[in-house]
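K.L.:
Let me begin by handing over the structure; questions about it come next.
Here, each number is a calculation from the coordinates, and none is a lab measurement. Computed from a predicted structure; not experimentally measured. FYI the Cβ positions are ideal-geometry reconstructions off the backbone, even for glycines, and counts take in every protein chain you see.
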Amino acid sequence: MNNSSQAIIIIGAGASGLMAASLLTNAGKEVIILEARNRIGGRIYTVPGELPSWPWECGAEFVHGSLPETLSLAKKAGLTLESVGGNTLQMQGGKLLSMDHFGAQWQLIEERLRRLKFDTTLADFIRNNFEMEKEQECIKLIQGYAEGYDAADMERASTFALRDEWLNEENGTNFRVQGGYGKLMEFLLDNCSKAGAVIHFEQVVKEIHWNEKKVSVICKNGSQWHGAQAIVAVPLGVLQQQKQKSTISFFPAIPAQIKAIEGLGFGSVVKVIIDFELSFWNLQIQKPGYSEMKQLGFLLSDAPIPTWWTQYPSTPNLLTGWLAGPSAIKWNAIDGALIFEEAIASLALLFQESEDSLREKVRSYKVLNWNDDPYALGAYSYATPGSRQRLSVLNEPVKETLFFAGEHCYDGPYIGTVEAALVSGRRVAERLLMVE
Ligand SMILES: Cc1cc2nc3c(=O)[nH]c(=O)nc-3n(C[C@H](O)[C@H](O)[C@H](O)COP(=O)(O)OP(=O)(O)OC[C@H]3O[C@@H](n4cnc5c(N)ncnc54)[C@H](O)[C@@H]3O)c2cc1C
């Protein structure tokens with residue numbers, strides 16, 4: 001039993017939990033962090049790659065633009081961000097298309113999005129505004145963005161939220177954190193540990209018993225932790241899937257917050273990282289019309305694993321495959337080796353190589369099925385119609401005792417990102433410091 005009547009117990013050592021821990025400890029608060037895994041970072045998961053200088057990002061990889069909280073943290077941590085470059089190419093039916101090919105369709109989509117007066121799900125927006133047969137290219141384009149980028153289910157996603165995101169997207173550069181996103185997490189942990197925070201690993205929180213300014217947290221292994229307040233900084237998927245063993249129950253129950261949680265959207269994703277002996281995609285430039293492959297950044301396609309990217313302008317022989325949204329769900333509980341085979345089949349289709357010749361070139365690979373990860377149970381959140389009201393419920397502390405944090409608690413333009421998690425961690429810490 002671990003007693004401290006004043007402690008703030010933070011559940012989850014991802015970006016949001018660690019950010020909150022760092023700010024609270026530095027403001028003089030006593031902080032205990034309970035983490036289910038044996039590592040920090042959560043959905044930030046940097047592992048050493050074949051090249052020591054080039055780690056693999058198994059979770060978050062990109063900084064999507066000049067994001068204030070992330071940039072400020074990277075600066076404090078003395079980390080450099082590298083611009084992501086290269087050409088974005090589109091391949092359909094085995095043919096390479098220029099991105100300009102979709103200009104007219106995108107203009108049409110924009111016009112219809114701008115005309116929308118009331119929020120609906122994206123699926124309803126399509127049903128009400130597009131002719132299913134004649135405008136298939138537009139529909140596929142919308143679907144590609146919503147599912148591929150936002151990991152969203154069109155039957156649930158808010159059109160207004162996606163409209164805000166898509167139409168206000170600064171045409172900015174994406175970045176990678178040199179040495180890996182994990183370095184940001186190490187910096188935060190170091191910072192809060194020096195200020196006195198204590199972290200305990202392999203503590204799968206099961207129950208939170210609470211009354212005003214008093215919490216008792218019970219873990220699966222029987223350990224108990226006592227404090228004044230708790231910050232619940234676990235992924236939305238964990239809170240939504242009440243039948244999963246990693247989920248958390250509250251005593252007394254908090255029905256308004258659970259209802260808000262259930263109404264938010266949480267996507268699915270499978271990420272495949274393959275290290276090859278050579279960058280075979282560069283050889284494609286010999287084919288007529290394929291010169292842009294020389295500087296391949298992203299390849300978007302209609303293959304079963306549709307999105308691929310290189311590490312351009314850096315040169316490790318790494319390809320990353322990405323399947324997000326409802327199509328990723330069919331891979332739940334499927335062996336990683338089978339997903340790898342699907343990845344090879346997709347690459348064979350895209351690069352017109354035999355599967356055997358591709359397999360021979362593979363040095364190593366990793367399949368990350370985040371939907372099956374018991375401490376994530378999915379990818380990241382997306383807005384549904386009514387999300388804003390739900391977030392206002394979730395972001396209001398329960399009797400100044402229970403607080404929620406995480407990327408899903410964020411209501412700004414960078415939904416579903418590390419930036420969202422860091423901002424949420426900051427906001428919850430600032431809110432908690434207002435409690436007498
Ligand atoms: C494959 C993938 C790619 C992504 N790519 C990008 C990207 O390129 N750029 C970007 O900005 N964002 C990206 N994201 C999103 C980004 O990773 C997340 O938004 C962010 O890391 C979430 O931080 P968090 O603190 O909210 O949650 P998490 O990082 O998930 O942290 C929550 C913590 O809670 C712990 N936990 C869970 N259950 C329990 C329990 N019962 N008891 C105790 N602890 C528990 C977990 O182990 C975890 O450590 C990606 C996500 C995924 C999955």
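K.L.:
For the ranges 360-372, 243-255, what's the packing order if you count other beta-carbon atoms within 10 Å of each residue, average per peptide, and put the highest first? Each step should come with its number before you reach the end.
P.N.:
Values: 360-372: 17.5, 243-255: 13.4.
Highest to lowest by the protection proxy: 360-372, 243-255.
K.L.:
Another question about this same structure. Considering only Cα-Cα distances, which of the following residue pairs are longer than 23 Å: K206/K243; K214/K243; K294/K361; K29/K399? Could you put the intermediate results ahead of the total?
P.N.:
Details: K206/K243 12 Å; K214/K243 26 Å; K294/K361 19 Å; K29/K399 19 Å.
From K206/K243; K214/K243; K294/K361; K29/K399, over 23 Å: K214/K243.
K.L.:
Next question. Cα-Cα pairs above 13 Å in segment 353-405: how many percent? Working shown, then result.
P.N.:
Numbers: 1051 of 1378 pairs.
Value for segment 353-405 (Cα pairs over 13 Å): 76 percent.
K.L.:
Taking 7 Å along the Cα-to-C-beta vector as the label spot, tell me the E360-K95 distance in nanometres, rounded to one decimal.
P.N.:
Going by the 7 Å Cα→Cβ label model, 3.2 nm.
K.L.:
Between F62 and R388, take the C-beta separation as r, use R0 = 25 Å, and let me know the FRET efficiency to the nearest 0.05. Don't jump to the answer; show the numbers that get you there.
P.N.:
Numbers: r = 26 Å, r/R0 = 1.04.
Between F62 and R388 the formula returns 0.45.
K.L.:
From largest to smallest, what semi-axes in whole angstrom does segment 297-341 give when each is the square root of 5 times an eigenvalue of its alpha carbon gyration tensor?
P.N.:
Values: eigenvalues 102, 34, 12 Å².
So the equivalent ellipsoid measures 23, 13, 8 Å along its semi-axes.
K.L.:
Still on this structure, I have one more. Taking square-rooted eigenvalues a ≥ b ≥ c of the alpha carbon gyration tensor, is segment 78-135 rounded, prolate or oblate, where a/c under 1.5 means rounded and, failing that, a/b exceeding b/c means prolate?
P.N.:
On the way: a/c = 2.84, a/b = 1.47, b/c = 1.94.
Cα axes put segment 78-135 in the oblate bin.
K.L.:
Over all alpha-carbon pairs in segment 23-144, figure out the percentage whose distance exceeds 23 Å. List each step's numbers first, then the result.
P.N.:
Values: 4585 of 7381 pairs.
Everything past 23 Å amounts to 62 percent.
K.L.:
Continuing with this model, one more query. If I model a spin label at K134 and S4 as a point 7 Å from the Cα along the Cα→Cβ vector, what separation in nanometres do I get?
P.N.:
The two pseudo-label positions are separated by 6.7 nm.
K.L.:
So, one more: Once Lys and Arg get +1 and Asp and Glu get -1 on their Cβ, which of T70, Q178, T120 lies farthest toward the positive end of the dipole of the chain?
P.N.:
Selected residue: T70.
K.L.:
Here is a further query. Count the net charge of all other residues whose Cβ sits under 15 Å from the Cβ of S392, scoring Lys and Arg as +1 and Asp and Glu as -1. Don't jump to the answer; show the numbers that get you there.
P.N.:
Details: positive: K259, R388, R390, R427, R431; negative: E396, D411.
So the environment of S392 carries a net charge of +3.
K.L.:
Placing one identical point scatterer on every Cα of segment 292-370 and ignoring solvent, what is log10 I(q)/I(0) from the Debye formula at q = 0.12, 0.23, 0.27 Å⁻¹?
P.N.:
Rounded to two decimals, the profile gives -0.34, -1.26, -1.56.
K.L.:
Starting from 0.36 nm per residue, how many nanometres of slack lie between E396 and E82 once their C-alpha separation is accounted for? All intermediate terms of the calculation are to be shown ahead of the outcome.
P.N.:
Working: separation 314, 0.36 × 314 = 113.04 nm, distance 3.71 nm.
Here the segment from E396 to E82 would lengthen by 109.3 nm.
K.L.:
Now a separate question. Set Lys and Arg Cβ to +1 and Asp and Glu Cβ to -1, take the dipole of segment 122-213 about its Cα centre, and tell me which of N191, G144, W210 lies farthest positive.
P.N.:
Most positive-ward Cα: N191.
K.L.:
Let me check I have the definition right: for segment 229-314, take the eigenvalues of the Cα gyration tensor, multiply each by 5, take square roots. What are those semi-axes in whole Å, largest first? All intermediate terms of the calculation are to be shown ahead of the outcome.
P.N.:
Values: eigenvalues 420, 36, 25 Å².
Output for segment 229-314: semi-axes of 46, 13, 11 Å.
K.L.:
Tally Lys and Arg at +1 and Asp and Glu at -1 over the other residues with C-beta under 13 Å from the C-beta of E137: what net charge comes out?
P.N.:
Numbers: positive: K134, K140; negative: E131, E133, E135, D302.
Neighbour charge sum, excluding E137 itself: -2.
K.L.:
From the P(r) of the chain, could you give the percentage of C-alpha pairs in the tail past 28 Å? Before the final figure, lay out each step's value.
P.N.:
Numbers: 48138 of 94830 pairs.
The proportion of pairs with Cα distances above 28 Å equals 51 percent.
K.L.:
Residues of segment 369-397 with backbone nitrogen within less than 19 Å of a virtual label 7 Å along the Cα-to-Cβ line of K117, please, listed as ranges.
P.N.:
Only 386 pass the distance filter.
K.L.:
Check the straight Cα-Cα distances from K213 and name the aspartates and glutamates below 19 Å, setting aside those fewer than 8 residues away within the same chain.
P.N.:
Once the sequence-local aspartates and glutamates are set aside, what remains near K213 is E30, E396, E400, E430, E436.
K.L.:
Let me ask another. Gap in Å between the Cα centre of segment 259-286 and the Cα centre of segment 192-233?
P.N.:
Cα centroid of segment 192-233 versus Cα centroid of segment 259-286: 34 Å apart.
K.L.:
Could I ask something else about it? Can you tell me which of 389-398, 54-63 comes out highest on packing, and rank the rest after it, using the mean Cβ neighbours within 10 Å? Present the calculation step by step, with values, prior to reporting the outcome.
P.N.:
Details: 389-398: 17.6, 54-63: 21.9.
Top to bottom by mean Cβ count within 10 Å: 54-63, 389-398.
K.L.:
Over every pair of different alpha-carbon atoms in segment 308-436, take the mean of 1/r and invert it; report that Kirkwood radius in Å.
P.N.:
18.0 Å
K.L.:
Which residue, chosen from A230, I285, A421, occupies the Cα position most advanced towards the positive end of the dipole of the chain, where the dipole is computed from +1 (Lys, Arg) and -1 (Asp, Glu) charges on Cβ about the Cα centre?
P.N.:
My answer, from the dipole projection, is A230.
K.L.:
Restricting attention to the alpha-carbon atoms of segment 200-261, what are Rg (one decimal) and Dmax (integer), both in Å?
P.N.:
Every Cα atom of segment 200-261 included, Rg and Dmax give 11.4, 30 Å.
K.L.:
Suppose every Lys and Arg Cβ carries +1 and every Asp and Glu Cβ carries -1, with no other charges. What dipole size does the chain come out with about its Cα centre, to the nearest 20 debye? Please list the in-between numbers first.
P.N.:
Numbers: 40 positive and 50 negative charges, 217 e Å.
Using Cβ point charges on Lys, Arg, Asp and Glu, the chain gives about 1040 debye.
K.L.:
List the lysines whose alpha-carbon lies under 29 Å from that of K117, not counting same-chain residues fewer than 8 positions away?
P.N.:
Straight-line reach from K117, under 29 Å: K134, K140, K259.
K.L.:
Could you sort the peptides 344-355, 38-49, 418-429 by per-residue average Cβ neighbour count (10 Å cutoff), highest mean leading? Don't skip to the end; give the middle numbers.
P.N.:
Numbers: 344-355: 17.8, 38-49: 19.4, 418-429: 26.2.
Descending packing order for the listed peptides: 418-429, 38-49, 344-355.
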